[in-house]
Structure formats: structure tokens, C-alpha cells
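Presented below is the structure to which this report refers.
The values are calculated or read from the model by the stated rules, or taken from the named source; none is laboratory data. Keep in mind it's a predicted model, so treat the numbers as computed, not measured. With ideal geometry, Cβ positions are generated from the backbone for all residues, glycine too; neighbour counts draw on all protein chains shown.
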Amino acid sequence: MSTHVVVGLQWGDEGKGKITDVLAEKSDYVVRYQGGNNAGHTVYVGDDKFVLHLLPSGVLQCKGKCIIANGVVVNPEAFFNEIEKLEARGLSTDHVFISRRAHIIMPYHVLLDEYREEFAGKDSQIGTTKRGIGPCYEDKVARVGIRAIDLLNPEILKEKIKENLIVKNALFEKLFEKNPLTLEEIYDKYVAYGERLKDRIIDTELEINEAIDQGKNVLFEGAQALMLDIDFGTYPFVTSSSPTTGGVCVGAGVPPTKLQNLIGVSKAYCTRVGNGPFPTELDNELGEHIRQVGHEFGASTGRPRRTGWLDLVALKHACMINGITHLVITKLDVLSGLGNIKACTGYKTEDGKIINYFTSSTNKLDSYEAIYEEMPGWSEDITSAKSFDELPQAAQDYIHFIEKYLGIEVYLVSVGPERSQNIIRTNLF
Ligand code: GDP
Ligand code: IMO
Ligand code: MG
């Protein structure tokens with residue numbers, strides 16, 4: 001058997017989509033296991049740009065099946081939008097399937113997300129993508145969610161929507177002072193979605209486990225990243241799922257004993273979109289330079305991403321929780337021509353103590369000062385480098401520094417957005 005898991009190690013947008021696309025070529029299955037259409041995964045094929053939100057990024061290259069597993073929250077409208085866009089570009093999507101157990105994002109989830117952010121006010125907003133992700137996961141845990149399988153049974157669906165509307169409309173009208181929703185405006189639309197989806201809704205956990213047992217190559221694709229994890233991220237400025245390697249077990253129904261290569265993706269620097277602490281943030285000209293050169297604007301919402309130096313303390317925490325066996329460093333090319341570069345190796349607390357572990361106290365993190373190791377940079381364009389030896393010595397030294405700090409080998413260095421702009425140091429298949 002050969003299983004690979006790709007996860008983000010920072011605050012998302014590390015280039016997971018690009019790496020998944022590359023690995024998907026040799027995969028029989030590509031499986032999304034958490035998150036929803038809050039994700040934005042970019043894949044460049046030559047000059048052609050594809051941005052995937054809900055569909056697995058392996059959809060372009062995988063010749064087997066692409067699965068949206070039970071741990072994902074599915075917005076049917078977003079699903080069909082993406083399917084239609086790909087088909088309009090001549091791509092087949094007949095190989096995309098959804099778990100019967102996956103929870104469905106309903107119109108009231110999207111509205112709740114929006115109203116809640118508005119109600120919280122600027123200082124306490126999370127800065128969500130307003131896709132209804134949090135409210136949908138809340139309903140799942142509260143055991144009042146609507147699952148893909150319910151779309152195939154109109155009677156059950158009607159009852160569940162009715163029950164949900166009692167509570168949601170009370171919130172809309174009494175707390176948020178907004179208009180209520182009616183059963184009619186939701187029900188017919190979702191029955192129609194069920195009708196359109198019926199051949200794609202399957203029992204995915206059985207199929208995935210059988211595929212692994214038969215020795216097929218199965219790739220699990222994480223969305224978001226560890227620092228946005230509901231447990232181990234910068235709570236409450238996080239998403240509502242577990243974008244970890246462990247998340248695969250619950251999000252796809254695969255036991256830990258079946259997971260082999262745990263691939264963590266990190267940029268050569270840091271970005272964050274949305275609110276919350278960011279110890280190495282460069283809220284200055286240099287940060288703006290990185291934003292422009294790295295095209296750091298959200299793939300889902302278009303928001304400018306906050307930028308900063310690589311945070312090795314946070315990265316070490318991410319590698320530990322995920323048990324990363326193989327590292328990918330992306331966007332090394334963006335650091336070309338910066339002069340000296342820095343990486344954070346510790347934090348100075350308010351009382352002057354130096355710590356080198358990631359704290360659970362999100363409030364305190366804001367007051368920490370990042371301690372940096374400064375290294376010589378390089379000025380060469382590295383976007384066409386094909387082997388590690390072709391990189392300038394300073395770029396090689398930077399990668400070695402990261403490896404030494406984390407104690408994990410960098411198996412792939414990405415030097416540009418295109419599918420082929422990779423320096424692969426270890427063959428995983
Ligand atoms: P994801 O959410 O982790 O899949 O990442 P996004 O697609 O949201 O953001 C990563 C952005 O960086 C995309 O625009 C990619 O095309 C781009 N990208 C990925 N790898 C590289 C790289 O090595 N160099 C450069 N310059 N861009 C890259
Ligand atoms: P990919 O898969 C970057 C952020 C949002 C917000 C927080 C909660 O492309 O890396 P949510 O809508 O999930 O409730 O928002 O999480 N966020 C992401 N940031 N990349 C993502 O996905 C993200 N998905 C959610 O900006 O701060
Ligand atoms: Mg993204």
C-alpha cells in the first residue's frame with residue numbers, strides 16, 4: 001500500500017494545491033477529508049490557472065477517483081459551480097464523489113456566519129471566509145446537521161429543515177434583527193440538489209479502505225493548516241475542523257496504521273489571512289514587497305494576506321502535532337533579492353524570558369517578540385532551478401537551516417507556481 005497525506009503547516013495557502021496536483025498524477029484516489037469551500041487551492045498548468053475550493057485539487061491529474069469524504073462540509077451550490085467551471089474548460093468530473101456522511105452547508109449556515117461576524121464587531125471578528133463553515137460544523141456536533149444522505153430522502157430532509165428553522169429563525173429575528181427564512185425557499189432547491197447528486201453520493205470510507213488494502217496509491221489532501229486547527233491553532237482565530245494528519249482518521253474513516261508518508265507544506269516565509277496573532281508579521285514595506293512578489297492575495301476571498309518571516313517555533317509545533325515525515329518548502333523564489341533573510345527561532349515574553357515552544361495562550365502570543373536568526377540571502381532568479389545543487393549556496397544553506405531546526409528532511413523545494421517548478425530530492429513512489 002502507499003498512502004500520502006498533504007497538510008498545511010502554517011496559516012493556510014502554503015501551496016498545498018500545487019503539491020497535491022503533482023502527487024495526484026500517480027494516485028488512484030485523491031481524498032479531501034475536512035474543511036469546505038473556505039479553501040482556495042491554486043494549480044497552474046502552463047499559463048492556465050485553476051482554483052479549487054471544494055473539489056480535491058487532484059481532480060485535474062487523478063485518473064482514478066476524487067472523493068469528498070465524511071469530514072468535509074459540502075455546499076451543493078458551490079459544488080456545482082466548480083463542476084460546471086471545470087467542465088466548461090473541457091475537463092471531465094465524472095470521477096468526483098461525495099460521502100453519504102458528509103454534512104451539507106445550508107443557506108442559514110452562510111447567513112449565520114455573516115451575521116455573527118457583523119454582530120461581533122471589528123475587534124472580536126475572526127475574519128472568516130463567510131462560507132458557513134463554522135455554523136455547519138456546529139450543527140454536526142450538536143447532532144442537528146443535514147447529511148448528504150438526507151438529500152436523497154425528501155421526507156426526512158423536510159423535517160430536518162423545519163426543525164432547524166425554528167432555532168435559526170429565532171436567532172435571525174430576535175438577536176440579529178434580520179428576516180427569517182422559509183421552508184419553501186430552501187426545501188425545493190435542496191431536493192433538486194439531491195436529485196442531481198444521487199449518483200455521486202456513496203459510502204466513501206469502505207471504498208477508501210478497500211483501495212488501501214488492495215495496494216492502491218491513496219492521497220489525502222488537507223485544506224487550511226495547523227495554525228488554523230480547532231485544537232492546536234491560535235484559538236479562537238481558527239477554522240472549525242482539524243486540518244491535521246490525525247484529521248484523516250476521523251475525516252475519512254481511515255485508521256492511523258494505514259497512513260504512511262505525512263507531508264507537511266510550508267512557505268519559505270509566513271502569511272495569514274483573517275485576524276489573530278502573527279508573531280513574525282512584517283507590517284511594513286518589506287511585508288508589502290513580499291505580498292506583491294508572492295502575489296499574496298486570498299484565492300477564495302481576494303483579501304490581501306498578511307506577510308512575515310518564517311516562524312520556526314510555530315513550524316516545529318505543526319510538525320510535532322502532525323508527525324511530519326517529509327517537508328515541502330514552497331515559494332523559495334519569492335525571497336530572491338531580499339538581502340539578508342530572517343527566521344524566527346524563539347519568542348521573548350513580556351518578562352524577558354526566551355521560549356522556543358508554541359504557547360496555547362493566544363492573548364499572550366500577541367505580546368511576544370520574535371527572536372530571529374539572520375542569514376545571508378541571494379539575488380539570483382531561481383525559478384528554473386531543477387536540482388538542489390543549482391540553487392545559490394545561501395538558498396541551500398537556508399533550507400539546511402530549516403531541516404536542522406526541525407530535524408526533518410525537505411523532500412521538495414518549490415521555486416514557482418507552475419506544476420513543473422519543483423526540485424524533488426526524494427522519490428515518494
Ligand atoms: P493552498 O491553499 O495551500 O493550495 O495555496 P494557495 O493556492 O491558496 O496559495 C498559494 C499561491 O502560491 C498560489 O497562487 C500558487 O500558485 C502559488 N505558488 C505555489 N507554489 C509556489 C512557488 O513555489 N513559488 C511561487 N512564486 N508561487 C507559488
Ligand atoms: P486553504 O485551504 C487561509 C481562515 C479565515 C479565517 C479563519 C476561519 O486555501 O489554505 P472559516 O471561514 O474557515 O471559518 O475562517 O480561517 N481560513 C483560511 N486562511 N487559507 C485557507 O484555506 C483558509 N480557510 C479558512 O481567513 O481567518
Ligand atoms: Mg489557499
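Could you figure out which of (1) over 22 Å from Asn217 (Cβ atoms); (2) in contact (Cβ under 8 Å) with a residue 60 or more places away in the chain; (3) in contact with a strand residue (DSSP E or B) (Cβ under 8 Å, 6 or more places away or on another chain) isn't true of Ser2?
(1)
Say whether the condition of being closer than 23 Å to Gly276 by Cα, crowded, with 18+ Cβ neighbours inside 10 Å and touching a Leu at 6+ places or on another chain (Cβ under 8 Å) is met by at least one residue in region 138-148.
Among the residues of region 138-148, not one is closer than 23 Å to Gly276 by Cα, crowded, with 18+ Cβ neighbours inside 10 Å and touching a Leu at 6+ places or on another chain (Cβ under 8 Å), which makes the answer no.
Report, by residue number, each residue of region 23-32 that is surrounded by fewer than 24 Cβ atoms within 10 Å (Cβ to Cβ) and within 16 Å of ligand 3 (Cβ to nearest atom).
none
How do the pairs read when you match residues in region 403-429 that are under 15 Å from His4 (Cβ atoms) with residues anywhere that are aromatic (Phe, Trp, Tyr), using Cβ under 6 Å and keeping only pairs 6 or more apart or on different chains?
Thr426/Tyr411
Suppose we keep only residues that are surrounded by fewer than 21 Cβ atoms within 10 Å (Cβ to Cβ) and in contact (Cβ under 8 Å) with a residue 60 or more places away in the chain within region 33-63. Which one would you say is farthest from Val238 (Cα to Cα)?
Taking the candidates together, the pick is Gly46.
Does Leu226 satisfy being within 16 Å of ligand 1 (Cβ to nearest atom), farther than 20 Å from Asp21 by Cα, touching a Pro at 6+ places or on another chain (Cβ under 9 Å) and of a type outside the set (Lys, Arg)?
It is true that Leu226 is within 16 Å of ligand 1 (Cβ to nearest atom), farther than 20 Å from Asp21 by Cα, touching a Pro at 6+ places or on another chain (Cβ under 9 Å) and of a type outside the set (Lys, Arg).
So Pro256 ticks every box in (1) without any contact (Cβ under 8 Å) to a residue 12 or more places away in the chain; (2) closer than 18 Å to Glu14 by Cβ; (3) more than 15 Å from ligand 1 (Cβ to nearest atom) but one. Which box is left unticked?
All conditions are met except number (2).
Do you know which residues across region 124-183 are among the small types (Gly, Ala, Ser) and on the phi > 0 side of the Ramachandran plot? Break it down stepwise before answering.
So in region 124-183, the residues among the small types (Gly, Ala, Ser) come out as 124, 127, 132, 134, 142, 145, 148, 170.
Hits for region 124-183 are Gly127, Gly132.
Phe50 is checked against (1) more than 13 Å from ligand 3 (Cβ to nearest atom); (2) more than 27 Å from Gly145 (Cβ to Cβ) and fails just one. What number does that condition carry?
That leaves (1) as the condition not met.
How many residues does region 376-387 contain that are exposed (fewer than 15 other Cβ atoms within 10 Å of the Cβ) and within 16 Å of Asp333 (Cβ to Cβ)? Quick ask: steps written out before the conclusion?
So the first thing to find is which residues in region 376-387 are exposed (fewer than 15 other Cβ atoms within 10 Å of the Cβ), and the list is 376, 379-381, 383-384, 386-387.
Now narrow it down to the ones that are within 16 Å of Asp333 (Cβ to Cβ): 379-381, 383-384, 386-387.
So the count comes out to 7.
If you check Leu171, Leu91, which single one turns out to be more than 16 Å from ligand 3 (Cβ to nearest atom) and exposed (fewer than 14 other Cβ atoms within 10 Å of the Cβ)?
Exactly one of Leu171, Leu91 is more than 16 Å from ligand 3 (Cβ to nearest atom) and exposed (fewer than 14 other Cβ atoms within 10 Å of the Cβ), namely Leu91.
Of the residues that make up region 56-78, is at least one assigned to a strand (DSSP E or B) and either at pLDDT below 95 or within 14 Å of ligand 3 (Cβ to nearest atom) (or both)?
no
So which residues in region 303-333 are of a type in the set (Lys, Arg) and within 18 Å of Val413 (Cβ to Cβ), if there are any at all?
Within region 303-333, Lys331 is the sole residue that qualifies.
Can you name the number of the only condition in (1) aliphatic (A, V, I, L, M); (2) closer than 18 Å to Val96 by Cα; (3) within 15 Å of ligand 2 (Cβ to nearest atom) that Ile67 fails?
(3)
Which residue out of Asp351, Asp397, Asp389 is more than 25 Å from the chain's Cα centre (by Cα), without any contact (Cβ under 8 Å) to a residue 24 or more places away in the chain and either farther than 29 Å from Asn261 by Cβ or part of a loop (DSSP other than H, G, I, E, B) (or both)? If you could, list the steps in order and put the result at the bottom.
On the way: Asp397 fails: either farther than 29 Å from Asn261 by Cβ or part of a loop (DSSP other than H, G, I, E, B) (or both); Asp389 fails: either farther than 29 Å from Asn261 by Cβ or part of a loop (DSSP other than H, G, I, E, B) (or both).
Just a single option satisfies the conditions, and that option is Asp351.
Just one of Ile321, Ile341, Ile263 is away from ligand 1 (no atom under 14 Å from the Cβ), crowded, with 19+ Cβ neighbours inside 10 Å, in the same structural domain as Gly15 (by TED's automatic domain parsing) and within 17 Å of Asp229 (Cα to Cα); which is it?
Ile321
Would you tally the residues in region 346-389 being closer than 26 Å to Gly416 by Cβ and among the hydrophobic types (A, V, I, L, M, F, W, C)?
5
Report the residue count in region 302-318 for those that are away from ligand 1 (no atom under 16 Å from the Cβ) and either at pLDDT below 95 or of a type in the set (Lys, Arg) (or both).
Residues in region 302-318 being away from ligand 1 (no atom under 16 Å from the Cβ) and either at pLDDT below 95 or of a type in the set (Lys, Arg) (or both): 1 in total.
Look through region 27-49, keep the residues that are within 16 Å of the chain's Cα centre (by Cα) and assigned to a strand (DSSP E or B), and return whichever of them is farthest from ligand 1 (Cβ to nearest atom). Outline the logic, then answer.
Here is the first cut: in region 27-49, the residues within 16 Å of the chain's Cα centre (by Cα) are 30-43.
Filter once more, so that each one left must be assigned to a strand (DSSP E or B): 30-32, 41-43.
On the way: Val30: 13, Val31: 16, Arg32: 12, His41: 4, Thr42: 3, Val43: 7 Å.
Among residues in region 27-49 that are within 16 Å of the chain's Cα centre (by Cα) and assigned to a strand (DSSP E or B), the one farthest from ligand 1 (Cβ to nearest atom) is Val31.
Would you point out the residue of region 6-22, among those that are part of a loop (DSSP other than H, G, I, E, B) and within 8 Å of ligand 2 (Cβ to nearest atom), that is surrounded by the fewest Cβ atoms within 10 Å (Cβ to Cβ)?
Glu14
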